[in-house]
Amino acid sequence: MLNPDLDTKALREAFDLDGRIRIDNFLDTEVIDKIRQYCLEEDPYEVIYFADGKNRISSRAEVATMDQSEKQDLNRKIFSAASQGIGFLYDGYQMNRATHKSNAKLNFLYEVFEYFNSETMLDFIRQVTGKTDILSADAHYTRLTSGQFLTRHRDVVANRDRRLAYVLGFSQNWHPDWGGLLQFFDEDGTPTDSFAPRFNCLSMFDISHIHSVTYVTPFALEPRLSLTGWFRASPKDAPTQ
């Protein structure tokens, strides 16, 4: 799956500048095309959001059965927290909750996750970043549509042994005016630079970087699709809580 022409030495030099990197043409063309196709054709996603002071997950069926007042109340809670710089709202297909054996397409998406935990991939990541303690990857497929976002945060979470965050993009011809930018910040909240979604591009950064995903606009012509997760210094089957 991994593009064999990637230059690990050059990539290591780029990463060492400030603990961030973008790697274009990351996977074989046939693989990345299939991932995009299946993420568009299948709908395994749950709604992942922050409300009432907690991270929450609801099935799309649960959200669909809410009446108008219930949806308005939920949105009020989500956006009230976001107005204080806390929270997120997006569609996610989490590999630790995946029912991947239900059909061939979802099974393939799970195989991609398994490949991210292969020694081939993990050794490549170690060489590029110098983080020799990496042992596994967490992952979920994400889909951000109009009105969805992640507010400013670090990916440092106690007892999860995260070392690097990554985003592998499947969106094609994304326009930066559509939002969905991976935005970085200084300690005082000043925006610095941002990464627009790019097809078959792996964005990867040390978890110490403060970042967000900006609000996706109503006029975005397609969803922001990606495989998102963390490379960890714990075995794949180790608890994450």
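What follows draws every value from the coordinates through simple rules; no lab data is involved. Because the structure is a prediction, the values reported are computed rather than measured. Cβ placement follows ideal geometry from the backbone for every residue including glycine, while neighbour counts extend to all protein chains displayed.
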Can you check what the Kirkwood hydrodynamic radius comes to for the chain, Cα pairs only, in Å to one decimal? 18.6
By how many degrees, 0 to 90 and rounded to 10, does the Cα axis of helix 119-129 deviate from the longest principal axis of the chain? 90
If N is the residue count of the stretch 18-100, its Cα Rg over 2.2 N^0.38 Å rounds to 1.42
Across the alpha-carbon set of the stretch 124-241, Rg over Rh with Rh taken as the Kirkwood radius works out to 0.98
For the stretch 52-130, what is the charge dipole size about the Cα centre, in debye to the nearest 20, if Lys and Arg each add +1 at the Cβ and Asp and Glu each add -1 at the Cβ? 140
Tilt, helix 104-116 to longest principal axis of the chain (alpha-carbon atoms), in degrees rounded to tens, equals 50
At R0 = 45 Å, FRET efficiency that the Cβ-Cβ distance of F79 and D33 yields, to 0.05: 0.80
Any idea what the relative contact order of the stretch 100-241 is, in percent, if you count C-alpha pairs under 8 Å spaced at least 6 apart? 36
In nm, to one decimal, how far is the modelled label at S208 from the one at D67, with both set 7 Å along Cα→Cβ? 5.3
Charge dipole of the chain built from unit charges on the beta carbon (Lys, Arg +1; Asp, Glu -1), centred at mean Cα; most positive-end Cα among T65, S118, F199 is T65
All other residues with a Cβ under 14 Å from the Cβ of A64 taken together, and with Lys, Arg as +1 and Asp, Glu as -1, what is their net charge? -4
Quick check: the angle from helix 29-41's long axis to the longest principal axis of the chain, C-alpha only, nearest 10 degrees? 10
Could you list T29, T214 in order of exposure, starting from the residue whose Cβ has the fewest other Cβ atoms within 10 Å? T29, T214
So what is the orientation-averaged projected area of the stretch 67-117, using the convex hull of its C-alpha atoms, in nm²? 5.7
Is there a quick way to get the dipole size of the chain? I mean about its Cα centre, with the Cβ of Lys and Arg at +1 and of Asp and Glu at -1; what is the value in debye to the nearest 20? 460
Between the modelled labels at S58 and I86 (7 Å from Cα along Cα→Cβ) the distance in nm is 1.9
Selection from F231, T190, N96 lying farthest towards where the dipole of the chain points positive, charges on Cβ: N96
So what's the back-of-envelope 222 nm ellipticity for the chain, counting only DSSP H runs of four-plus at -39500 (n - 2.57) apiece and dividing by all residues, rounded to 500? -8500 deg cm²/dmol
Tensor-based shape of the stretch 17-160 (alpha-carbon gyration tensor, a/c under 1.5 rounded, otherwise prolate or oblate): oblate
